[in-house]
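The values are calculated or read from the model by the stated rules, or taken from the named source; none is laboratory data. Computed from a predicted structure; not experimentally measured. Cβ placement follows ideal geometry from the backbone for every residue including glycine, while neighbour counts extend to all protein chains displayed.
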Amino acid sequence: KNLSGGNKRKLCAAQAIMLCPRVLFLDEPTTGVDPVSRRSLNRMVKKMKGASVLLTTHRMDEAEQLCDKIAIMINGRFVVFGSPNYLKNEYGHGYTVSVKQTKQAMNDPNRNIMSLMQTIIPQATLVHSEGEQFPEGGVISARNQAEGQENDLSLMRQYETRFKIMGINGQQGGRKEGDEPVEFIALSFAFDKLAQLLDKDVISSFAITRTTMGEVFTDFAKFQINAAAEA
């Protein structure tokens, strides 16, 4: 009776695991649990042998770490099911490239990071430039410009900038029905081009990260929000 909610969850999970069941149901087992205990519980679950574990969670990092298969439920129905890699490849947005432009390059119109990225990696789509509010909900892409929408890139020379790159290493991620074909590039090609910008003192650092399960889940969660608004 005197245990906190987090400690009660830890106790219930420990009791269930000690019984060595063939099928184990865990409903939000780490909600309200401190980070150290959460990692310990996850390790115990991963070490279980000869058992099937059904886990419900809102923590996508936890789902990706523990689960061989993931199902996402929206509006009371399962809408997708598959391995973490499959879901990221099928419904993700490729890779995110974060770059930090040098102050010298920021003041040089010939080394504008927006123009350079569109030239050397045409697949790159600008999604964020710190400190600037973009039209169309914060996304500016080459496709928007091709359709005649006017976006003033000259006003967006910020210190930290993020791009999305589709179609790296033959990845099919992010292609929805009706989308235009994606021209694929090698991950090594993207690294090489960014390293050239680093050598030319256009950027001071860069990082390339893959779509996370959290981003995939957020995209599907938007449908639930829209459905609630329509109701």
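Annotation note: of E177, E136, the sole residue that is on the phi > 0 side of the Ramachandran plot, of a type in the set (D, E, K, R) and modelled with pLDDT under 50 is E136.
Cβ-Cβ below 8 Å, separation at least six or inter-chain, first residue in segment 18-36 and on the phi > 0 side of the Ramachandran plot, second in a helix (DSSP H, G or I): which pairs? Close Cβ pairs (under 8 Å, with a partner that is in a helix (DSSP H, G or I)) amount to E28/R9; G32/G5; G32/G6; G32/R9.
On the given criteria, is K47 among the basic types (K, R) and within 30 Å of A190 (Cβ to Cβ)? Spelling it out, it is not the case that K47 is among the basic types (K, R) and within 30 Å of A190 (Cβ to Cβ).
Do you know which of the residues in segment 111-128 that are among the β-branched types (V, I, T) and in a helix (DSSP H, G or I) is farthest from K200 (Cα to Cα)?
For segment 111-128, the residue satisfying everything is T119.
Here segment 184-231 is the region considered, the condition is being of a type in the set (V, I, T) and assigned to a helix (DSSP H, G or I), and the residue that is modelled with the lowest pLDDT is I225.
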